[in-house]
Amino acid sequence: MPTTPRWLDSEEQRAWLAYIDFSTLLSDYLNRQLRRDAGMTHADYALLAHLSSAPDRALGMSELARRLKITRSRLTHAVNRLGEAGLVDRREDPADGRGQLAVLTGEGQGLLDRAAPGHVEAVRRVVFDALTPEQVRQLAEIGEAIGDALVRAEGTPADPAVLPWRRR
């Protein structure tokens, strides 16, 4: 039986359109900044940053996919490409004979170290410098609330394959 859609009111529509606009513009801005200044995409930067902050600069492929919120297939492609560039190695996981680790190389850490200051400045310039401290707190709370709602909506244990990092 069809139900009437719960249409957005004018303030919800304003917020939704603002989100679409700024998320698209921000993604493009950060990609352009990193490509120009470091020759990498924002997705590659995130992958390298996750490895950099992990113990021994290594993470299991499944865990890295979970942290990046991407499919394992997409992660494999990215790690292979970054491996060819000498930025990431793949090794067998000594704790799990079936699993593999992605390991940040010295060259990858060096690239990340060179890219980070410009990237952080770009983020600060277009996000945090535009907000009051109260708005920063609210942004964090809003992001966490929406993230939690998405996990609840898509991450049911009955069908974990709906989560991107569980897909092949």
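The values are calculated or read from the model by the stated rules, or taken from the named source; none is laboratory data. Just so you know, these numbers come straight off a predicted model, no measurement behind them. Note that we place each Cβ from the backbone using ideal geometry, even for glycine, and neighbour counts take in every protein chain shown.
General observations
- Residue in the stretch 33-47 that is under 13 Å from the mean Cα position of the chain (by Cα) and of a type in the set (D, E, K, R) present: yes
Every residue, every condition in (1) modelled with pLDDT of 95 or more; (2) not charged (D, E, K, R), yes or no:
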site	(1), (2)
His42	yes, yes
Leu47	yes, yes
His50	yes, yes
Ala58	yes, yes
Leu64	yes, yes
Lys69	no, no
Leu75	yes, yes
Ala78	yes, yes
Arg81	yes, no
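- The requirement of being within 20 Å of the chain's Cα centre (by Cα), at pLDDT 95 or above and not in a helix (DSSP H, G or I) is fulfilled nowhere in the stretch 6-28; no residue meets it.
- Residue within the stretch 43-62 that is within 26 Å of Val151 (Cβ to Cβ) and in a loop (DSSP other than H, G, I, E, B) present: yes
- Pairs are defined by a Cβ separation below 7 Å, a sequence spacing of at least 6 or placement on different chains, a first member in the stretch 75-95 that is free of Cβ contacts under 8 Å to residues at least 12 places away in the same chain and part of a helix (DSSP H, G or I), and a second member that is surrounded by 12 or more Cβ atoms within 10 Å (Cβ to Cβ) and not small (Gly, Ala, Ser); the pairs so defined are Gly83/Asp89; Gly83/Arg90.
- Residue under evaluation Thr41, criteria (1) crowded, with 16+ Cβ neighbours inside 10 Å; (2) in contact with a Lys or Arg (Cβ under 9 Å, 6 or more places away or on another chain), criterion not met: (1)
Let's see how each residue does on (1) at pLDDT 95 or above; (2) exposed (fewer than 12 other Cβ atoms within 10 Å of the Cβ); (3) in a helix (DSSP H, G or I):
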| residue | (1), (2), (3) |
| --- | --- |
| Glu107 | yes, no, yes |
| Asp113 | yes, yes, yes |
| Pro117 | yes, yes, yes |
| Glu121 | yes, no, yes |
| Leu139 | yes, no, yes |
| Ile142 | yes, no, yes |
| Ala161 | no, yes, yes |
| Trp165 | no, no, yes |
